[in-house]
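The values are calculated or read from the model by the stated rules, or taken from the named source; none is laboratory data. All values derive from a computational prediction rather than experimental measurement. Don't worry about glycine lacking a Cβ; one is built from the backbone with ideal geometry, like all the others, and counts go over all protein chains shown. The area values use the complete protein model at the heavy-atom level, side chains included, leaving out ligands, DNA and RNA. Shrake-Rupley method; radii C 1.70, N 1.55, O 1.52, S 1.80 Å.
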Protein chains: 2
Amino acid sequence: MISKLSELSDLVCSQKKRRQLVLAVAQDKHALEAVCTAASKGFVEPILVGDAAEISTLLQSLDHDPQKFAIEDLKDQVLAVERSVRLISSGQANILMKGSCSTSMLLKGVLNRDWGLRKGELLSHFAWFGSPFYHKMLGVTDVAINIAPTIDQKRAIVENAVDCLHRLGIAVPRVAAIAAVEVVNEQMPATVDAGALAGMNRDGVLTGCVVEGPLALDNALSAESARHKKIGGLVPGEPDLLLMPDIEAGNVFYKALTYLSEVSVASVVLGATAPIVLTSRSDSPDSKLNSILLAASI
Amino acid sequence: MISKLSELSDLVCSQKKRRQLVLAVAQDKHALEAVCTAASKGFVEPILVGDAAEISTLLQSLDHDPQKFAIEDLKDQVLAVERSVRLISSGQANILMKGSCSTSMLLKGVLNRDWGLRKGELLSHFAWFGSPFYHKMLGVTDVAINIAPTIDQKRAIVENAVDCLHRLGIAVPRVAAIAAVEVVNEQMPATVDAGALAGMNRDGVLTGCVVEGPLALDNALSAESARHKKIGGLVPGEPDLLLMPDIEAGNVFYKALTYLSEVSVASVVLGATAPIVLTSRSDSPDSKLNSILLAASI
């Protein structure tokens, strides 16, 4: 069981699998830097698809020899995305990472019906946090892709994350379906959804995990706070995963922790035939490397 | 200008006003403890309304002499709330605090049309955070009362908080209207509302502050993140107030910071003729005392 993100590298090394990472539209300094670090440690073998001249110049500026990298020269971003995705669907690579193209351009390629990477019902974002204020890793979903998911979409979001947590060694992840309060209230749809998801879990429709909710964040994270409210169950104080009610709550959670506390974080897009790394320029170098490691671990 | 919550006590002492705090349904050990601490430091003069026998027993258990307290004996909780509220509306006290009754019972009294404390358009919750990861105090609203406020209700929520920040010495508070992304997107109503509120501010409909938005939390809190996204303005990196899109996002923000980071926090309900302190059992003693001090300061 991984208790901090720094242990991901041991997990990746112990698996002794070759992992080819395609960086789509690779002429992005920050993404390249993270990929070079991961490659130099032997975590992944990179394939860089994009404007070869720009990529070479950036590699040199990062003190890397372009000759040592597999580079495919495609200046057109749409074509570079297609080639990157096809490298995955043809089995030549198994992790997709976004370079300097937009997220929507990359996901459009991923979702292409002919040559894309469609698998389950939807794509969803999964973040995995290590915090000095929590005793184990804490997964959070979905903070970035699904805006206002329906109950069925929330079920699929949980399934994506639970599948990922299984691969990370957590046999029966404990899932807190988060709302602003811990009782179902028709005026607060997030509480209704959370209660319904817990019901699906009890009824065997949503399996491989324990889902409880609605829980407010305090009684999800703290067994003591839950006891104050007379809330029992297996999840309070012990969640492996927080299901956020919508993108606003999820996004605020993710950014509150990354900007106003001391956490380490990795994130990945789930639900395609391969994990997708979507870091942004404002992510720290550590979080970019952690995200590559997370993608390589699952 | 207050840069940390511990300076609130200096502000209260410097104002040299008498402040009577009514604790409604005062037989609540944690609330009593905070009130006794505030009284012993001279911040407030308490009036304890509720079951006098229980209150006396609790005071003794906290090593306080019941004889030294103004206690009004009303065993019935509804009557105790009414008496507490009437003490404020008649001018005999100027801060209302919740004891062992429910929040809804207290607010029902506050909103009573005959003897309540109605003033503006709505009541709203205001939290004031000190974080080692931010260079000044950070206000957040509304994390607890208004579930899914309309644009007009959000305007009233901002007005309540801005009025409070003025009293705390911030002449022109900078307000970030938060959403999950920083561009208006019709599919994300929070971004539409945030853009409309910024427009109301530019048009002079929402005054006494600078409102910008939509801002995602990263580009609200960090000028560097905003620059990455080419966002200018007076608010990025400098907000005094975050307007949360709804109760889920607000509640998650408040609890993420209080449970997964090192913050100090005070909170108060605004929009009535007197500030209202609504602490809950799971709040720390420090945060209860801070909330009393915040109510005494405004």
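Looking at (1) loosely packed, with under 15 Cβ neighbours inside 10 Å; (2) modelled with pLDDT of 95 or more, which is the only condition B:I55 fails?
Here B:I55 clears every test but (1).
For segment B:181-205, give me each residue that is away from chain A (no Cβ under 12 Å) and surrounded by 22 or more Cβ atoms within 10 Å (Cβ to Cβ).
Across segment B:181-205, the qualifying residues are B:L197, B:A198.
What is the one condition in (1) surrounded by fewer than 21 Cβ atoms within 10 Å (Cβ to Cβ); (2) under 18 Å from A:R118 (Cβ atoms) that A:Q67 does not satisfy?
Going through (1) surrounded by fewer than 21 Cβ atoms within 10 Å (Cβ to Cβ); (2) under 18 Å from A:R118 (Cβ atoms) one by one, A:Q67 breaks only (2).
Only one residue in A:I178, A:I151 is within 12 Å of chain B (Cβ to nearest Cβ) and of a type outside the set (K, R). Which one?
Step by step, each of A:I178, A:I151 is checked, and only A:I178 is within 12 Å of chain B (Cβ to nearest Cβ) and of a type outside the set (K, R).
Considering only segment B:115-143, state which residues are modelled with pLDDT of 95 or more, under 25 Å from B:A80 (Cα atoms) and part of a loop (DSSP other than H, G, I, E, B).
Once the filter is applied, which keeps residues that are modelled with pLDDT of 95 or more, under 25 Å from B:A80 (Cα atoms) and part of a loop (DSSP other than H, G, I, E, B), segment B:115-143 yields B:W115, B:G116, B:L117, B:L122, B:L123.
From the set of residues in segment A:206-248 that are assigned to a helix (DSSP H, G or I), under 22 Å from the mean Cα position of the chain (by Cα) and hydrophobic (A, V, I, L, M, F, W, C), which is surrounded by the most Cβ atoms within 10 Å (Cβ to Cβ)?
Checking each candidate, the answer is A:A220.
Restricting to segment B:1-16, give me the number of residues that are part of a helix (DSSP H, G or I) and either in contact (Cβ under 8 Å) with a residue 60 or more places away in the chain or within 14 Å of B:K136 (Cβ to Cβ) (or both).
Count: 8.
Would you say B:T141 is under 15 Å from the mean Cα position of the chain (by Cα) and open to solvent by 50 Å² or more (accessible area, probe 1.4 Å)?
It is false that B:T141 is under 15 Å from the mean Cα position of the chain (by Cα) and open to solvent by 50 Å² or more (accessible area, probe 1.4 Å).
Is it fair to say B:N290 is at the interface with another protein chain (Cβ under 9 Å from one of its Cβ atoms), part of a helix (DSSP H, G or I) and either of a type in the set (S, T, N, Q) or free of Cβ contacts under 8 Å to residues at least 40 places away in the same chain (or both)?
no
Could you tell me which numbered condition A:A295 fails, if it satisfies all but one of (1) among the aliphatic types (A, V, I, L, M); (2) in a strand (DSSP E or B); (3) under 30 Å from A:C13 (Cβ atoms)?
(2)
Residues A:V85, A:V49: which one is open to solvent by less than 60 Å² (accessible area, probe 1.4 Å) and part of a helix (DSSP H, G or I)?
Checking each option against the conditions leaves just A:V85.
Which residues, counting only those in segment A:252-287, are outside any loop (DSSP other than H, G, I, E, B), within 14 Å of another protein chain (Cβ to nearest Cβ) and in contact with a helix residue (DSSP H, G or I) (Cβ under 7 Å, 6 or more places away or on another chain)?
A:V252, A:F253, A:K255, A:A256, A:L257, A:Y259, A:L260, A:S264, A:V265, A:S267
Per-residue answers, yes or no, for (1) in contact (Cβ under 8 Å) with a residue 40 or more places away in the chain; (2) within 30 Å of B:E262 (Cβ to Cβ); (3) of a type in the set (F, W, Y):
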| position | (1), (2), (3) |
| --- | --- |
| A:A156 | yes, no, no |
| A:H166 | yes, no, no |
| A:G199 | no, no, no |
| A:D203 | no, no, no |
| A:G213 | no, yes, no |
| A:E248 | no, yes, no |
| A:F253 | yes, yes, yes |
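Within segment A:88-114, track down each residue that is polar (S, T, N, Q) and either within 14 Å of another protein chain (Cβ to nearest Cβ) or in a loop (DSSP other than H, G, I, E, B) (or both).
A:S90, A:Q92, A:N94, A:S100, A:S102, A:T103, A:S104, A:N112
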